[in-house]
Amino acid sequence: MILFTSDLLFGSKILGAAKYAGLRGQGIRSRAALAQHGPIASWYFLDLEAELAEQESAEVLLEAALGHPQLRVVAFAGHLQTDALKAARERLARAGSTHEVHSRGSLNARLSAIIPPLAAPSQVPPPQIGGVL
C-alpha cells in the first residue's frame, strides 16, 4: 500500500488501517517514489491537498498512479475541496470502477470497510484456556 500525504496524523491512521489489514504501507513524497514502489503495491492513497514538491501536482500523481493498472486508487481531500474531488472523481471514473474518491470525513468513516481487517473479530478463534505454553 502506498500513501501520499503531508498530513502526519491522517496518514498514520491510514497506515495503521493498512497494517491491521495485513498490508505493508509505504509513505511516498514524489513521482519517482511512486515509480519505484508502484509495481509491487496494490493500493494507492492520494491526498489531493498534500504539500507537493516543485513540478508535482495532484493531477500528475493521479495520472502516474493510473499507469500502474494493478493499483486501486483512493483519492481524498477535505469536503470543501469540491473542485479537486470532482476532478478526481471524473478522472477515476474514466479509468475504472475499482477506484474511489472520498472527503476526509467519508474516508475516515469508511476506512475499515475500504481496507478490511485481515480477520474479522468473529473469525478470530477464541484463546485456548489451560493450554501448555
Check your understanding: Which residues, taken from the range 29-45, are assigned to a helix (DSSP H, G or I) and either surrounded by 13 or more Cβ atoms within 10 Å (Cβ to Cβ) or in contact (Cβ under 8 Å) with a residue 40 or more places away in the chain (or both)?
Key -> Arg31, Ala33, Leu34, Ala35, Gln36, His37, Gly38
Check your understanding: Only one residue in Ala120, Ala113, Ala75 is surrounded by fewer than 11 Cβ atoms within 10 Å (Cβ to Cβ), at pLDDT 90 or above, out of contact with any Phe, Trp or Tyr (no Cβ under 7 Å at 6 or more places or on another chain) and within 23 Å of Arg24 (Cβ to Cβ), so which one is that?
Key -> Ala113
Point to revise | Scope the range 79-107; condition exposed (fewer than 14 other Cβ atoms within 10 Å of the Cβ) and modelled with pLDDT of 90 or more; matching residues | key: His79, Leu80, Thr82, Asp83, Lys86, Glu90, Ala93, Arg94, Gly105
Practice item. Considering each of Arg91, Arg72 in turn, give the residue that is more than 21 Å from Lys13 (Cα to Cα) and in contact (Cβ under 8 Å) with a residue 12 or more places away in the chain. Key: Arg91
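The values are calculated or read from the model by the stated rules, or taken from the named source; none is laboratory data. Owing to the predicted nature of the structure, the values given are computational and were not obtained by experimental measurement. Positions of Cβ are generated from backbone atoms using ideal geometry, with glycine treated the same way; all protein chains shown enter the neighbour counts.
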